[in-house]
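Report on the following structure.
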Amino acid sequence: MAPWTLPFARCPFALIDCEMTGLDPARDALLEVAVARVLGGVVVDRYTTLLRTEVPSVPGAAALHGIEPAAVLDAPDFADVAPRLDALLDGAVPVMHGVDLDVRFLDRAFADAGCSRRIGPAIDTLRLARRAVHARHYNLSALCGSLGLEPVRWH
């Protein structure tokens, strides 16, 4: 049964966050991937890893994610972690904040790793927030403030 047809409490969700060296999926690379698999409001599995890449971060990306080049020297390649990520995503509805860019990077990385996984339809929490919350900004920290939640460092 497709996850989109399940009752909310029985639908597995894969909460995904990615960090990249820049904004161009044809030129830049994934630097970090985190996935939390949630079922019935409970995190049932999670995985996060830095990724080795030869592509240097552009200054704007480096300022945002704060990942130093030395931190990824001993990190695995995406191809090494693709099976683990594929298993976390299997049968789950992907959920991301700003879906479009993450999906383009993930789809390219899976294809380059020889994996048939593609991120299908996904829930975009950025689009949901823009419809449901009146805020000045819609990044995660600003949304926390608008919702009265304690902000944390996301990257």
Inset, instruction - May I ask you to say which residue of Ala87, Ala132 is over 14 Å from the mean Cα position of the chain (by Cα) and within 19 Å of Arg37 (Cβ to Cβ)? - result: Ala87
Inset, instruction - Please specify each residue of the stretch 96-155 satisfying the condition of being more than 26 Å from Trp4 (Cα to Cα), assigned to a loop (DSSP other than H, G, I, E, B) and open to solvent by 90 Å² or more (accessible area, probe 1.4 Å). - result: His134, Arg136, His137, Leu147, Leu149, Glu150, Arg153, Trp154
Inset, instruction - Give me a count of the residues in the stretch 1-48 that are within 21 Å of Leu73 (Cβ to Cβ), surrounded by fewer than 17 Cβ atoms within 10 Å (Cβ to Cβ), of a type outside the set (A, V, I, L, M) and touching a Phe, Trp or Tyr at 6+ places or on another chain (Cβ under 9 Å). - result: 0
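What about Ala61, is it surrounded by 14 or more Cβ atoms within 10 Å (Cβ to Cβ), modelled with pLDDT under 95 and touching a strand residue (DSSP E or B) at 6+ places or on another chain (Cβ under 9 Å)?
It is true that Ala61 is surrounded by 14 or more Cβ atoms within 10 Å (Cβ to Cβ), modelled with pLDDT under 95 and touching a strand residue (DSSP E or B) at 6+ places or on another chain (Cβ under 9 Å).
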Inset, instruction - Tell me, yes or no, whether the stretch 78-89 has at least one residue that is assigned to a loop (DSSP other than H, G, I, E, B) and open to solvent by 60 Å² or more (accessible area, probe 1.4 Å). - result: no
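The values are calculated or read from the model by the stated rules, or taken from the named source; none is laboratory data. All figures in this text were calculated on a predicted structure; none of them were measured in a lab. Quick reminder, even Gly has a Cβ in these numbers, built from the backbone with ideal geometry, and neighbours come from all protein chains shown. Accessible surface is based on the protein model in full, side chains and every heavy atom, while ligands, DNA and RNA are left aside. Shrake-Rupley method; radii C 1.70, N 1.55, O 1.52, S 1.80 Å.
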